[in-house]
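Have a look at the structure below before the remarks.
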Amino acid sequence: MQESVFGAVKKGKKLALERHPIAAPEGLKILYTGTRLDQGDLDVWESVLHITRFHEMGQQYRFTAYSMLKVLGKTDTGKNREILHRRLLRLRSGTIEIIQDKFTYVGGLIEEIYKDEKTVEYVVILNKKLRPLFDANRFTQIDLNIRNALSGKPLAQWLHGFYASHAKPYAYSVAKLHELCGSEATRLDNYRQDLRKALNAIIEASRANGQKFSYSIQEDLVHIEKKPSDSQKRHLHYKKIKNSDM
């Protein structure tokens, strides 16, 4: 089963994965080894990408736990600092294996991380070879008010992030979404119930934040209607012009 690096899994003890297949662009095979990552880990990873987006990957970047928790919309408490630390450790320990043709690359999501006890700052170095797989611009396409409103609902958060990257969402089958999100539901009929609850939660959170989001499921295909971001609107506009010139 191929799925996202960051699955729609609940809180609690995480599985240890070994060379687990990850959904990848055509021509690439991606395997993940390490503790299974969840949506909370994704929040931290995307926040790291966001705050370092104007810096060269491969160079040191410093930040405090306070500044990172502020980006995450979390209060600065001892418990939240401990959770942040654990998530950063998981991101450092996970290993991505990329196979293309006869070449294989193996590396971590974070190249190096340590804490400067004198300045109470984290120092991170991101793996620049993984930049094409994790576009920092994706962070800006996600409405964080909506994502934060979905806190504690991992499948809803995963779906919201997944569709945020689509200017005009394709119709995916229920089975395909189940495969991609890494759901812990073993039966597809149970997943269908979870899927509807998650999509309804996105509708409610989107409406509360003045955003358009709706869905329908026809012949087991999930159809999504949403408001594209400004950059996605430009992409669709240029695509329309290009197609009209052909």
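Of the residues making up segment 150-160, one or more are of a type in the set (Lys, Arg), touching a helix residue (DSSP H, G or I) at 6+ places or on another chain (Cβ under 9 Å) and either at pLDDT 90 or above or farther than 23 Å from Ile30 by Cα (or both).
When the residues of segment 182-230 are filtered to those that are of a type in the set (Lys, Arg) and closer than 17 Å to Lys168 by Cβ, which remaining residue is least open to solvent (accessible area, probe 1.4 Å)? Once the filter is applied, the top-ranked residue is Lys226.
Looking at the structure I just gave you, is Arg147 modelled with pLDDT under 95 and within 19 Å of Gln39 (Cα to Cα)? Yes; evaluated as a whole, the condition is true for this residue.
The helices (runs of 4 or more DSSP H) located wholly in segment 1-97 that include 3 or more residues which are within 23 Å of Leu180 (Cα to Cα) and open to solvent by 30 Å² or more (accessible area, probe 1.4 Å) occupy 78-93.
Residues in segment 170-191 that are in a helix (DSSP H, G or I) and either more than 20 Å from Phe6 (Cα to Cα) or hydrophobic (A, V, I, L, M, F, W, C) (or both) were compared, and the one that is farthest from the chain's Cα centre (by Cα) is Asp189. Cβ-Cβ contacts under 7 Å between residues 6 or more apart (or on different chains), taken from a first residue in segment 120-131 that is within 13 Å of Ile98 (Cβ to Cβ) to a second residue that is of a type in the set (Asp, Glu) and exposed (fewer than 14 other Cβ atoms within 10 Å of the Cβ), are absent.
The values are calculated or read from the model by the stated rules, or taken from the named source; none is laboratory data. Note that the structure is predicted; figures quoted are calculated from it, not measured. With ideal geometry, Cβ positions are generated from the backbone for all residues, glycine too; neighbour counts draw on all protein chains shown. Note: accessible area is taken over every heavy atom of the protein model, side chains too, but ligands, DNA and RNA are not part of it. Shrake-Rupley method; radii C 1.70, N 1.55, O 1.52, S 1.80 Å.
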